[in-house]
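One structure is given below, encoded as structure tokens.
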Amino acid sequence: MTAKEFEQLALLPQNRDARLELINGEVVTLVSNQDSSRLAAQVLILIGAYLSKNPIGFVTGADGGYQVGSDRYIPDVGYMSKTRQPVASDEPYNSLPPDLAVEVVSPSDDIGDALAKVNNYLLAGTVVWVFFPKKREIGVFIPGQPSKTLGVNDTLDGGAVLPGFAAPVRDIFGV
């Protein structure tokens with residue numbers, strides 16, 4: 001499916017409340033669970049608190065869509081710097097990819113889709129944090145750098161995207 005066809009499909013009344021993504025030309029309906037949603041909300045709260053003290057951008061939740069290449073994604077949490085986009089977009093799928101995408105892997109997620117999204121985010125210049133709730137690990141993917149995996153004894157930092165942001169992984173997972 002093309003991006004244009006997808007956007008027409010996503011705007012149909014019967015799809016108004018659906019969470020749809022276009023991943024490598026395929027339409028994927030997003031389904032989560034309470035644990036994954038809780039974890040995404042925790043990250044959103046932490047980034048939101050950071051941004052209230054450092055107003056350098058804005059954060060979006062699980063309804064904020066983004067265009068990433070020819071795909072359309074709805075990250076669990078997205079961050080956009082004010083230098084790239086001064087105000088939030090009113091488009092269903094922001095024409096700019098986020099500076100940071102947070103994806104929480106839930107049991108219904110296809111790992112192939114998740115890996116395709118990470119690859120496409122990186123190609124678009126987006127930093128990606130992938131949370132694995134069952135393993136209590138976070139994959140950190142930064143364009144042009146080797147990926148790293150954080151465990152419960154590590155600290156997640158915002159790097160160049162969110163300078164000065166830091167959160168113990170243990171606290172994020174509620175361990």
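Please tell me if Asp110 is of a type in the set (Asp, Glu), exposed (fewer than 14 other Cβ atoms within 10 Å of the Cβ) and farther than 20 Å from Ala3 by Cα. It is true that Asp110 is of a type in the set (Asp, Glu), exposed (fewer than 14 other Cβ atoms within 10 Å of the Cβ) and farther than 20 Å from Ala3 by Cα. Within region 139-159, can one find any residue that is among the β-branched types (Val, Ile, Thr) and modelled with pLDDT under 95? No, there is no match, as no residue in region 139-159 is among the β-branched types (Val, Ile, Thr) and modelled with pLDDT under 95. Within region 107-125, residues that are within 15 Å of Gly139 (Cβ to Cβ) reach partners that are polar (S, T, N, Q) with beta carbons closer than 7 Å, at six or more positions or on different chains, in the pairs Ala116/Asn24. Residues in region 74-102 that are of a type in the set (Ser, Thr, Tyr), within 26 Å of Leu115 (Cα to Cα) and assigned to a loop (DSSP other than H, G, I, E, B): 1 in all.
Which one of the conditions (1) modelled with pLDDT of 95 or more; (2) not in a strand (DSSP E or B) does Val31 fail to meet, given that it meets all the rest? Condition not satisfied by Val31: (1). In the set Ala18, Ala62, only one residue is over 18 Å from Ala167 (Cβ atoms), part of a loop (DSSP other than H, G, I, E, B) and either of a type in the set (Ser, Thr, Tyr) or modelled with pLDDT of 70 or more (or both); that residue is Ala62. Screening Val77, Val87 for residues that are more than 23 Å from Gln8 (Cβ to Cβ), surrounded by 14 or more Cβ atoms within 10 Å (Cβ to Cβ) and among the aliphatic types (A, V, I, L, M) leaves exactly one candidate, Val77. Within region 47-74, the only residue that satisfies the criterion of being aliphatic (A, V, I, L, M), touching a helix residue (DSSP H, G or I) at 6+ places or on another chain (Cβ under 7 Å) and either surrounded by fewer than 21 Cβ atoms within 10 Å (Cβ to Cβ) or over 20 Å from Tyr121 (Cβ atoms) (or both) is Ala62. Count, please, the residues in region 152-175 that happen to be in contact with a strand residue (DSSP E or B) (Cβ under 6 Å, 6 or more places away or on another chain) and either in contact (Cβ under 8 Å) with a residue 12 or more places away in the chain or polar (S, T, N, Q) (or both). Qualifying residue count, region 152-175: 6.
Can you confirm whether Lys117 is part of a loop (DSSP other than H, G, I, E, B) and either at pLDDT below 95 or exposed (fewer than 12 other Cβ atoms within 10 Å of the Cβ) (or both)? Taking the combined requirement at face value, the residue does not satisfy it.
With the requirement that a residue be touching a residue at least 40 places away in the same chain (Cβ under 8 Å) and of a type in the set (Ser, Thr, Tyr), what does region 91-105 give you?
Residues of region 91-105 touching a residue at least 40 places away in the same chain (Cβ under 8 Å): 92-93, 99-100, 102, 104-105.
Answer for region 91-105, where residues must be touching a residue at least 40 places away in the same chain (Cβ under 8 Å) and of a type in the set (Ser, Thr, Tyr): just Tyr93.
The values are calculated or read from the model by the stated rules, or taken from the named source; none is laboratory data. These figures come from a predicted structure and were not determined experimentally. So basically every Cβ, Gly included, is an ideal-geometry build from the backbone, and we count neighbours across all protein chains shown.
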